[in-house]
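Only one structure is covered here, and it is reproduced in the block below.
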Amino acid sequence: MKCRLMKSPLFRNLDLKEAALVSALAFLWNEAVYYGARQIAHSWYHHDITSSIDELIPFLPWTIIIYFGCYLFWCVNYFLCTAQDKGERDRFFCADFLSKAICLVFFLLIPTTNIRPEVTGDSIWDALMRLLYQIDSADNLFPSIHCLVSWFCWIGLRKRKDIPAGYRWFSFLMAVAVCISTLTTRQHVIIDVVGGVLLAEICYWIAGNAKVCRVYSAGIAWIKGKLFK
C-alpha cells in the first residue's frame, strides 16, 4: 500500500528513481568537493579574509542549533525540489552541480581560513561549539557552502505555487538565519556569506539556459539508463 503522502498532488511529478539518483549525486558531489579540496589543499597557505566589520559581530554559541539544524532543512527542501516538473528539477540540480564545481575552484585557488575564538563556557551550546570546531577545520570557507545550499533551499521553492506560502516564507527566513548563524558561530565571515548567496543565484540563472541544462539532463539520463536498465 503506497504512503498517502506520496499520493498528494505535491508529488504528482515525482519520479522516485530519478529523485533518488539526482539527490544521491548531489550529495556525493558535495562531499567530493568539500573533503577532496581539504585533502588536496590542507598544507597550502590559507588566507584570512576577516574584516574589521566581522570582528564587531557577536559570538553567540546558542546559534549552533541553527547551524546544525539546517541539515534537516536541506534534506526536506532538496527532496521537495525533486517533486516538480522535469525541466525545473533539472535546472535546480544543474545549478547545484555547477555551484559546487565553482566552489572547488575557489577552494583550491584561494584557500581561506579564519581565527576562531576560544570556547571556555560549560553550557550545552559551548560544548556543541567545541565539537563543531573539533570535527570541522577552518578551511573551505569562501564561498560558504552552508549559505549556498541554504539559499538554494529558498530558490527552489520561492516560485512553487504547489508549496504553501507559509512554508516558502519559512524557507526564506531559515536561509537567512543559517547565513547569520555562520557568522555568529565564527564559522564564516561576511564575504563568505555574500559569496555563497551570489553563487547560488548566478548558477541558477546560468542553469536557466536550455543548452547548459540539456547537458546536465543528458548526463542524468545516461547514468539512469546504466543503473536502471
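The values are calculated or read from the model by the stated rules, or taken from the named source; none is laboratory data. Computed from a prediction, not measured in an experiment: that's the story for all the values here. In this analysis, Cβ positions are derived from the backbone assuming ideal geometry, glycine residues included, and neighbour counts consider all displayed protein chains. Areas reflect the complete protein model, heavy atoms only, side chains present, ligands, DNA and RNA absent. Shrake-Rupley method; radii C 1.70, N 1.55, O 1.52, S 1.80 Å.
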Next item on the list: Can you tell me what the convex hull of the Cα atoms of segment 114-176 projects to on average, as an area in nm²?
Entry: 5.9 nm²
Check: Rounded to a whole number, what % of the accessible area of segment 82-229 do carbon and sulfur atoms account for, probe 1.4 Å?
Finding: 70 percent
Note to self: Quick check on my link table: of LYS100/LYS159; LYS86/LYS159; LYS86/LYS211; LYS159/LYS211; LYS86/LYS224; LYS17/LYS86, which ones sit more than 18 Å apart, alpha carbon to alpha carbon?
What the structure shows: LYS100/LYS159; LYS159/LYS211
Notebook entry, point to check: Per-residue HN-Hα couplings for segment 131-143, Karplus 6.51 cos²θ - 1.76 cosθ + 1.60 at θ = phi - 60°, whole Hz, x for Gly and Pro?
Noted result: 4, 4, 5, 6, 8, 10, 5, 7, 8, 6, 8, 10, x
Next item on the list: Check cross-link reach from LYS161 to the aspartates and glutamates: straight Cα distance under 15 Å, and skip same-chain residues fewer than eight apart.
Entry: ASP85, GLU88
Notebook entry, point to check: Stokes-Einstein at 4 °C, 1.567 mPa s, Kirkwood radius from Cα pairs: D for segment 189-229 in µm² s⁻¹?
Noted result: 107 µm²/s
Notebook entry, point to check: Where does the charge balance sit around LEU108 when Lys and Arg score +1, Asp and Glu -1, over other residues with C-beta under 15 Å from its C-beta?
Noted result: +1
Checklist line | Mean accessible surface per residue for segment 81-229, computed with a 1.4 Å probe while every protein chain stays in place, in Å² | finding: 47 Å²
Checklist line | Percent of alpha-carbon pairs separated by more than 16 Å within segment 64-157 | finding: 64 percent
Next item on the list: Provide, for q = 0.16 Å⁻¹, the log10 of I(q)/I(0) from a solvent-free Debye sum over equal Cα point scatterers in the chain.
Entry: -1.15
Checklist line | Cα gyration tensor, segment 1-133 - rounded (a/c under 1.5), prolate or oblate | finding: oblate
Next item on the list: Using a/c under 1.5 as the rounded threshold, could you call segment 116-229 rounded, prolate or oblate? The axes a ≥ b ≥ c are square roots of the C-alpha gyration tensor eigenvalues, and prolate needs a/b larger than b/c, oblate otherwise.
Entry: prolate
Notebook entry, point to check: Relative contact order for the chain: what is it in percent, counting Cα pairs under 8 Å that are at least 6 residues apart?
Noted result: 30 percent
Notebook entry, point to check: Counting only protein heavy atoms, what percent of the accessible surface of segment 27-75 is carbon or sulfur at a 1.4 Å probe?
Noted result: 71 percent
Check: In a shell of Cβ-Cβ distance under 14 Å around VAL76, excluding VAL76 itself, what net charge do Lys and Arg (+1) and Asp and Glu (-1) give?
Finding: +2
